[in-house]
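Participant: Before I ask anything, here is the structure I am working with.
The values are calculated or read from the model by the stated rules, or taken from the named source; none is laboratory data. On a predicted model such as this, the values are computed, not experimentally measured, just so you know. Neighbour counts run over all protein chains shown; Cβ positions are idealised from the backbone, glycine included. Each accessible area value is taken on the protein alone, full model and side chains, heavy atoms only, with ligands, DNA and RNA left out. Shrake-Rupley method; radii C 1.70, N 1.55, O 1.52, S 1.80 Å.
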Amino acid sequence: AMNRVQLLGRVGQDPIMRQVEGKNPVTIFSLATNEMWRTGDSEVGQGALLLLCPLGDISQKTTWHRISVFRPGLRDVTYQYVRKGSRIFVEGKIDYGEYTDKNNVRRQATTIIA
């Protein structure tokens, strides 16, 4: 079994460190990844290739990922040095969790544990 994710993108906002009672702190930030493709193409291409062969319009889709850093050393370095707009590479695993919001509604929370 394998659960491994690799993301290269830009940080959406300065990381925050959250302390949940009775648990270790966690550093959280959002990461944006962009996919580009030429209209009419079914495959997603690489940006550099698209610029060399501009046939048709280029479409772009941005996906936002929630990144959680629990590992002590990494958590602190992330909080200290990662900033909004930083271009970073993240490796981790996907975690599909659930939480109850303030209106007592159960919600899904997908996060990448870096």
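Participant: Which one, ALA1, PHE89, GLY73, projects farthest toward the positive side of the charge dipole computed for the chain from Cβ point charges (K/R +1, D/E -1)?
Facilitator: Most positive-ward Cα: GLY73.
Participant: In whole percent, what relative contact order does the chain give with Cα contacts below 8 Å and a gap of six or more residues?
Facilitator: Answer for the chain is 32 percent.
Participant: Hey, rough spin-label estimate for LEU8 and ARG107, points 7 angstrom out along Cα→Cβ, what's it come to in nanometres?
Facilitator: Using points 7 Å along Cα→Cβ, the separation is 3.2 nm.
Participant: Can you give me the three principal axis dimensions of the chain from its C-alpha atoms, in Å, biggest first?
Facilitator: For the chain, the Cα extents along the three principal axes come out at 56, 34, 32 Å.
Participant: Moving on to the next point. Enter the angle in degrees (range 0 to 90, nearest 10) between the Cα long axis of helix 72-81 and the first principal axis of the Cα atoms of the chain, meaning the one along which they spread out most.
Facilitator: 60
Participant: How high is the FRET efficiency between VAL20 and ILE58 when r is their beta carbon distance and R₀ equals 35 Å, given to the nearest 0.05?
Facilitator: Numbers: r = 43 Å, r/R0 = 1.21.
Computed FRET efficiency for VAL20 and ILE58: 0.25.
Participant: Something else about it: So, with +1 on the Cβ of K and R and -1 on the Cβ of D and E, and no other charges, what is the size of the charge dipole of the chain about its Cα centre, to the nearest 20 debye? If you can, show how the numbers build up before the last one.
Facilitator: Working: 16 positive and 11 negative charges, 75 e Å.
Its charge dipole is roughly 360 debye.
Participant: Right, here's the next one. How much solvent-accessible surface does ILE28 expose, in Å² to the nearest 10, with a 1.4 Å probe and all protein chains in place?
Facilitator: In the full protein context, ILE28 sits at about 20 Å².
Participant: Which residue fluctuates the most in the chain, going by a Gaussian network model with Cα springs under 10 Å, if the choices are THR78, THR100, THR33?
Facilitator: THR100
Participant: Please give the net charge around ASP14, taking every other residue with its beta carbon less than 9 angstrom from that of ASP14, where Lys and Arg add +1 and Asp and Glu add -1. Each step should come with its number before you reach the end.
Facilitator: Working: positive: ARG83, LYS84; negative: none.
Here the charged neighbours net out to +2.
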